[in-house]
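Some notes on the structure that comes next.
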Amino acid sequence: MGLASIWVRSGTSPPIGSWAAIVPLGVIVGFYDFEIVLFIVARLLGGKGSFGTQAYVQSLFYAPLAILQQVVVVTPTLARPLFALLAVCSLIPTTTSLKAAHGYSMLRAVLTWRPPLF
């Protein structure tokens, strides 16, 4: 079941079709949802890049990362810590790709993805 096993109990039947079809679709939709949010914040911070450029640069590391996460998730006892470690480590290429796509400083790139503090 891969990535779905983090949020869904073992043996849970899929709402439609099969998990093999639902999970990749969720990864793709999640990628573009995240890219839209990043693009809006990047523009608010003065980014000059286009959505297509940003999505392309991000996809260069996101696709291999998504596959690696699928492999890590099926590791019995270390799945959640390794998944969290991969998520944190993915912030480095996220930052550098935002910096490259929008032509702004490292600080603005970090401010683009960091959650707002209330």
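Only the coordinates and a few stated rules stand behind these numbers; no lab work does. Predicted model, so just to flag it, every value in this text is computed and none were measured. Cβ sites come from the backbone with ideal geometry, for glycine too, and all protein chains shown count toward neighbours.
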With LEU111 itself left out, Lys, Arg at +1 and Asp, Glu at -1 over residues whose Cβ is under 14 Å from its Cβ give +4
First select every other residue whose beta carbon is under 11 angstrom from the beta carbon of VAL57; then total the charges, Lys and Arg +1, Asp and Glu -1. 0
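Rounded, prolate or oblate: which fits the stretch 22-68 when a ≥ b ≥ c are the square roots of the eigenvalues of the alpha-carbon gyration tensor, with rounded for a/c under 1.5 and prolate only if a/b beats b/c? Mind dumping the intermediate values first?
On the way: a/c = 3.04, a/b = 1.89, b/c = 1.61.
Judged from the Cα gyration tensor, the stretch 22-68 comes out prolate (a/c at least 1.5, a/b above b/c).
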Work out from phi, with θ = phi - 60° and the Karplus expression 6.51 cos²θ - 1.76 cosθ + 1.60, the ³J(HN,Hα) of each residue of the stretch 84-101, listed in order in whole Hz, and give x for Gly and Pro. 5, 4, 4, 5, 5, 5, 6, 5, 5, x, 4, 5, 5, 6, 5, 4, 6, 5
CYS89 paired with SER105, simple spin-label distance in nm, labels 7 Å along Cα-to-beta-carbon: 3.0
Can you list the HN-Hα couplings for the stretch 67-73, worked out from phi with the Karplus curve (6.51, -1.76, 1.60; θ = phi - 60°), rounded to whole Hz and with x for Gly and Pro? 5, 4, 5, 4, 5, 5, 4
Just the Cα atoms of the stretch 62-118: what Rg and Dmax do they give in Å? 13.8, 42
